[in-house]
1. Rule-of-thumb check for the protein assembly as shown: C-alpha Rg over 2.2 N^0.38 Å?
2. Show me the ranking of peptides B:193-199, A:186-192 by mean Cβ neighbours inside 10 Å, starting with the highest.
3. What does the average come to when, for each residue of peptide B:89-100, you count the partner chain Cβ atoms lying within 10 Å of its Cβ?
4. What's the average, rounded to a whole number, of partner chain beta-carbon atoms within 10 Å of each residue's beta-carbon in A:72-85?
5. Kirkwood Rh over Cα pairs of the stretch A:65-212 into Stokes-Einstein at 20 °C, 1.002 mPa s: D in µm²/s?
6. Report relative contact order for chain B in percent, whole number only (criteria: Cα-Cα under 8 Å, sequence separation at least 6).
7. Quick one: grab Rg to one decimal and Dmax as a whole number for chain B, Cα atoms only, in Å.
8. Work out the FRET efficiency for residue A:3 and residue B:128 from their Cβ-Cβ distance, taking R0 = 22 Å, and round it to the nearest 0.05.
């Protein structure tokens with residue numbers, strides 16, 4: 001049942017997946033002037049952003065098509081619906097991660113001639129952050145509806161823009177720059193000294209966060225009233 | 001003991017929304033009976049059906065379907081319920097073929113022959129998406145889908161609303177046939193009284209969230225007469241609703 005629901009969800013979203021795939025390339029290709037190291041940081045954020053855009057469009061379609069009222073009238077539990085959505089989100093996130101890495105590779109190797117981006121350093125964080133974004137936005141959708149997703153995305157983009165502007169501010173950089181770079185270098189040093197522990201801790205935190213968010217999504221859908 | 005024999009029973013079910021109160025609704029439906037849930041627009045018919053389907057939760061009271069609590073046995077209960085809503089909830093891009101395949105996974109007792117029988121009978125195209133069908137054909141598709149797993153209880157929420165008389169007669173005929181088949185019970189919500197005249201065994205009239213009357217249709221009609229001739233169900237319904245409005249107005253004015 002869950003597999004079938006996940007398959008139907010993917011079939012219903014083919015158009016959205018295709019349109020958002022173009023977004024992946026349109027973000028990655030213009031940013032190809034970045035160095036190889038910057039890609040390792042940028043690709044997870046690009047995947048998270050595309051996952052957010054995908055969710056915005058898919059939840060809007062979901063609400064317009066009255067998919068949840070249809071499913072709730074059938075003998076399908078909220079947990080089954082959420083598991084199916086989680087499975088579909090794994091497939092979509094994997095696709096976007098691969099697309100982002102392919103776009104980055106094409107950009108660096110054939111356009112800039114600098115070799116390939118660090119796949120190992122990019123792929124796992126990108127997949128993890130993409131999965132968390134998917135879970136988070138589905139949970140928000142089940143709890144508050146598709147309109148809140150749009151508002152949330154607008155606020156997140158504004159916050160991102162402000163963060164970028166703030167990072168360029170000489171005043172803020174003078175005050176917090178050394179503090180931030182010290183914290184980052186401490187974390188990097190600890191990671192370099194304990195690579196296995198760092199990977200295990202980060203992996204465990206990411207898996208717990210993703211599972212907890214999907215559990216919340218199931219709870220929110222179970223409590224959702226179809227008025 | 002009597003309660004456990006009922007296929008569906010609501011006891012003192014209340015639910016408040018801003019500007020609307022469903023006030024301690026109680027009624028029961030026996031196996032094999034067709035109940036007409038009558039009420040004007042906004043009376044609370046759809047709210048009652050959503051409460052039965054556990055799409056919304058009651059503030060108080062209990063709902064039992066097939067003798068089981070509707071909240072704790074939601075999935076078991078829904079396997080034996082066929083539901084047709086006023087707007088025939090169907091995925092817009094889903095065809096009749098797709099719907100049959102999908103529902104066969106959801107319902108263990110799905111019978112494709114029954115589904116195909118109703119599709120043929122209603123002339124529903126197999127490969128046309130639901131959004132390309134007329135309202136009447138969508139309702140027929142929803143009814144065929146609701147019948148496909150041979151449900152013990154058929155819940156119909158204003159299925160004939162907005163349909164032309166020809167399609168309405170066709171749909172009502174199919175409902176009657178479905179009810180006659182194997183002692184199936186039907187809860188048929190409508191504000192079109194004429195649809196119920198030939199179909200309903202029992203009638204529950206609600207207005208402004210309150211049950212005005214819930215009893216056998218023949219008993220109800222036998223109590224309402226103009227001289228020697230009995231009133232029609234429509235006349236009884238209008239009278240009941242109007243008199244309940246007068247009562248509510250007086251109550252509000254403190255008389």
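Rule-based calculations on the coordinates, nothing more; no lab input. None of the values given here were measured: they were computed from a predicted structure. Please note: Cβ atoms are built from the backbone with ideal geometry, for glycine as well, and neighbour counts cover all protein chains shown.
1. Details: Rg = 28.7 Å, N = 482, 2.2 N^0.38 = 23.0 Å.
In units of the 2.2 N^0.38 Å rule of thumb, it is 1.25.
2. Working: B:193-199: 17.9, A:186-192: 11.0.
Peptide ranking by packing, descending: B:193-199, A:186-192.
3. Working: counts 11, 3, 7, 6, 3, 4, 0, 0, 0, 2, 0, 0.
Neighbouring Cβ atoms belonging to other protein chains average 3 per residue here.
4. Partner-chain Cβ atoms within 10 Å, mean over residues of A:72-85: 4.
5. On the way: Rh = 18.9 Å.
Result for D is 113 µm²/s.
6. Values: 455 pairs, mean separation 64.9, N = 255.
It comes to 25 percent, rounded to a whole number.
7. 18.5, 61
8. Values: r = 27 Å, r/R0 = 1.24.
The calculated FRET efficiency here is 0.20.
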